[in-house]
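First comes the structure, then the notes that go with it.
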Ligand SMILES: Nc1ncnc2c1ncn2[C@@H]1O[C@H](COP(=O)(O)OP(=O)(O)O)[C@@H](O)[C@H]1O
Ligand SMILES: [Mg+2]
């Protein structure tokens, strides 16, 4: 929602919201609490709450006998909703990172949903809780409570960490900004802390989901050939920025290497979520989802799921795509068990030497 509806509403409600000092007619139309709630929801871009409170103001005005004002407020809300439906609800922020942020941040608008992911129950519950708290953040803050908004995702490659950041952004209709930490450190060694400051300024200015992917590049205790002292300084400034940040953005850090992370880091996050490889039940759901567009009447999913044992979500997805491509290229709509099993076996055999078994990589 743009500034206009809020400004117009406040103008309608009176010149200044000094309700305590002037308990006059205007005060009767909107309570001081309602005006505060309107401003808060506007600041946090919480459109649903903004509309809910504005409707309360309209109802209150109507009850007080100010029918015309109530109608005008409702018309403003309808107008704002219509504009939202036309797409203005989508963030139209710095569409692309500017200036010094080029090369440090990339931006996209994922259409993913949590339901696109096959998740173990406890992980799903924790992600849902984060979404719930984020959506109600102005309500929580008005009670002096902080929503969970600094997350650490830990797990082997291909376990859905990056995808989770996309799904959170998609669910919240927010842009996903990916901070390219590896680049940041290797390219700008020496000025990394200054660059990090820029990133955190962007986080405070532009609400979004910010993903510090491959976070171990900064969180690692191993120096990776770089000056150990410099890595320490960078890590310390990151921790400070993280601590100070009280923006409405969601910060997501993802790493494959839990053991490489400094213990001090864990305390700074509101939630640490551990990802893993799918068990046979989840693997079967992934297989079924990925091949939903094909004729799989004769496909023995239980057998295929057994062959997926030890593979990550990412590897299973790649195997499904390989089997699907073979079918398409053969002008067939059918994926057979043997083809899928072969693709899964192939996936296992093409692992990079450093990848090892996904289960032991955590
Ligand atoms: N939980 C999941 N449900 C469905 N597909 C998944 C899931 N996790 C990963 N995938 C698939 O695997 C791919 C790689 O996952 P990704 O999020 O990049 O893993 P990570 O960041 O943990 O290395 C995704 O693009 C997606 O196709
Ligand atoms: Mg990733």
Inset, instruction - Using Cα pairs closer than 8 Å and at least 6 residues apart in sequence, work out the relative contact order for the stretch 111-207, in percent. - result: 32 percent
Inset, instruction - Any chance you could check the Cα centroid distance between the stretch 242-287 and the stretch 158-175 for me, in angstrom? - result: 12 Å
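Where does each of 129-135, 247-253, 272-278 land if you order them by average Cβ count within 10 Å, highest first?
Values: 129-135: 17.9, 247-253: 24.6, 272-278: 19.6.
Per-residue mean Cβ counts within 10 Å order the peptides as 247-253, 272-278, 129-135.
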Inset, instruction - Compute the Cα gyration tensor for the stretch 121-216, then decide on rounded, prolate or oblate, letting a ≥ b ≥ c be the square roots of its eigenvalues: rounded whenever a/c is under 1.5, prolate when a/b is larger than b/c in the other cases, and oblate in all that remain. - result: oblate
Legend entry - Contact order relative to length of the stretch 280-360, as percent, for alpha carbon pairs under 8 angstrom and 6 or more apart: 36 percent
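Read the figures in this text as sums done on the coordinates, not as results from a lab. Note that this is a predicted model, so its numbers are computed, not measured. Note that we place each Cβ from the backbone using ideal geometry, even for glycine, and neighbour counts take in every protein chain shown.
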